[in-house]
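Reading through the structure tokens given below for one structure.
The values are calculated or read from the model by the stated rules, or taken from the named source; none is laboratory data. Quick caveat, the model's predicted, so the values are computed rather than measured. Because the Cβ atoms are built from the backbone with ideal geometry, glycine has one as well, and the counts that use them run over all protein chains shown. Areas reflect the complete protein model, heavy atoms only, side chains present, ligands, DNA and RNA absent. Shrake-Rupley method; radii C 1.70, N 1.55, O 1.52, S 1.80 Å.
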There are 2 protein chains.
Amino acid sequence: MILCDIGNTTFHFLIDGKHKKYFLDEKIPKFKDNIFYISVNEKATKKLIKKNPQAKNLSNIIKFDTTYKGMGIDRIVASIYQENTIVVDAGSAITVDIIENKIHKGGFILLGVHNFLKSYEKISKKLKVNFEKNINLDKIPLQTKDAILYALMKSIILPIKEVSLNKNIIFTGGDGEFLSQFFENSQYKKDLIFENMKRIIDANNCIA
Amino acid sequence: MILCDIGNTTFHFLIDGKHKKYFLDEKIPKFKDNIFYISVNEKATKKLIKKNPQAKNLSNIIKFDTTYKGMGIDRIVASIYQENTIVVDAGSAITVDIIENKIHKGGFILLGVHNFLKSYEKISKKLKVNFEKNINLDKIPLQTKDAILYALMKSIILPIKEVSLNKNIIFTGGDGEFLSQFFENSQYKKDLIFENMKRIIDANNCIA
């Protein structure tokens, strides 16, 4: 069984427990195994199916109760089975979902770290800086580079802090591990989406 | 006397007390009057001087004491003469400067509202939304449009709130009036930079 999470930037496969990513414009292989996928990108979905007609869309069998309109299937899969948690999927965008007593209360969408930084250099060449993971957030910045990285990190961290309070936060996604270190009440689950996809498949007795 | 504040997006003139903006790629007039300018954009500065060789760079006579390296002259002019204030200049970027007991303690640079929003649509067409000033920040969003506008506003407001605490905040710049409404301890000074430019000119007995 192969799992695939199609996002806005990559095809993310789990093949025999191993991760394999392809950018959306890259060639993807033809697989013999069963493929279960979720996707937020129609064009990329068509590309997967053309090469792999056996691929099955998991979203058809997922039941998730929310009053949120237009919630991406990746957010749904990350949020499903949670009880009292903030779920943060930190990719090209950073989705934040609030689950209380097993009920999805809504959420919001921050800019992802990389896209955030790219926006600065579009304003002015003087605002082009490289990302650094070692950022001092306890000191008011005294140069442009720090002024941007400080603002970027605060812009991401503070809105999540405001809604999390004493709740547990689960981070996933490419920048999830990095961001989780700024939150005491947090854990990083690299494979949250794939794990939940498996659980959905098991719960539905899909032939896999 | 004509004043001119050259930013990353426009030439901003004050002519006989009236505001006149030109985008950086627009033609600018040849003036007969004295012009005092500040600029964060070298290319645009050359354009002004070519047409108006009489234009004088105010930055040559400004004395501002800070340990911040590479502080833009617009931020310096906005921050000069302040005693205990947070100065927020909300344009294509949003600069935030902290002044305590007449001393500039540093600052940071947030994305401007418009550039912030544009970054979302670059991630995915599904994240393209139009700006709305009427945003409910007390309710967790239940649809994509609100999820983006909520996150955008929180990303700007919370970092400013964190450093302002009980301090007074002065807002200026194109989005200054809009943003100031989210802060109790705030005032909006549309002409902060031009007013301070005049004060600098007066203090230095420049022939104007």
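Take the Cα of A:Asn60, go 7 Å toward its beta carbon, and the backbone nitrogen atoms of the range A:10-39 under 13 Å from that spot belong to A:35-38. Under the convention that each Lys and Arg Cβ holds +1 and each Asp and Glu Cβ holds -1, the size of the dipole of chain B around its Cα centre is about 820 debye.
Sorted from nearest, the other copies put their A:Phe23 label points 3.0 nm away, the label point being 7 Å from Cα in the direction of Cβ. Shown in residue order for the range A:162-170 are the 3J(HN,Hα) couplings computed by the Karplus curve 6.51 cos²θ - 1.76 cosθ + 1.60 at θ = phi - 60°: 4, 8, 8, 6, 9, 6, 6, 10, 9 Hz (x for Gly and Pro). Fully extending the segment from A:Asn136 to A:Asp25 would add 36.3 nm, taking 0.36 nm per residue of separation and subtracting the current Cα-Cα distance.
Ranked from largest, the principal axis spans of the Cα set of the protein assembly as shown equal 86, 43, 37 Å.
Per the accessible-area calculation with a 1.4 Å probe, the total area buried between chain A and chain B rounds to 3400 Å². Taking every DSSP helix (H) stretch of at least 4 residues in the protein assembly as shown, weighting each as -39,500 (n - 2.57) and dividing the sum by the residue count yields a mean residue ellipticity at 222 nm of -9500 deg cm²/dmol.
Hey, can you find the accessible area per residue of the range B:116-155 for me, probe 1.4 Å, expressed in square angstrom?
Value returned for the range B:116-155: 53 Å² of accessible area per residue.
Put a dot 7 Å past the Cα of A:Gln143, heading toward its Cβ, do the same for A:Glu121, and the two dots end up 1.8 nm apart. Listed by chain and number, the lysines whose C-alpha is less than 20 Å from the C-alpha of B:Lys18, apart from same-chain residues fewer than 8 away, are B:Lys27, B:Lys30, B:Lys32, B:Lys56, B:Lys189, B:Lys190, B:Lys198. The separation of the range A:169-208 from the range B:46-86, counted between C-alpha centres, amounts to 49 Å. Plainly put, the tip 7 Å out from Cα toward Cβ on B:Gln143 is 4.7 nm from that tip on each other copy, the closest given first. Of the solvent-accessible surface of the range B:51-208, computed with a 1.4 Å probe over protein heavy atoms with every protein chain present, carbon and sulfur atoms account for 45 percent. Full extension of the segment from B:Leu165 to B:Lys18, taken as 0.36 nm per residue of separation minus the current Cα-Cα distance, would add 49.4 nm.
Taking the label point 7 Å along Cα→Cβ, A:His114 and its counterparts in the other copies are spaced 2.8 nm apart, in ascending order.
In this label model, B:Asn34 and B:Lys128 are separated by 5.0 nm, measuring between points 7 Å along each Cα→Cβ vector. Can you bin chain A into rounded, prolate or oblate? Criterion: square roots of the alpha carbon gyration tensor eigenvalues sorted a ≥ b ≥ c, rounded for a/c under 1.5, prolate for a/b above b/c, oblate for the rest. Judged from the Cα gyration tensor, chain A comes out oblate (a/c at least 1.5, b/c at or above a/b).
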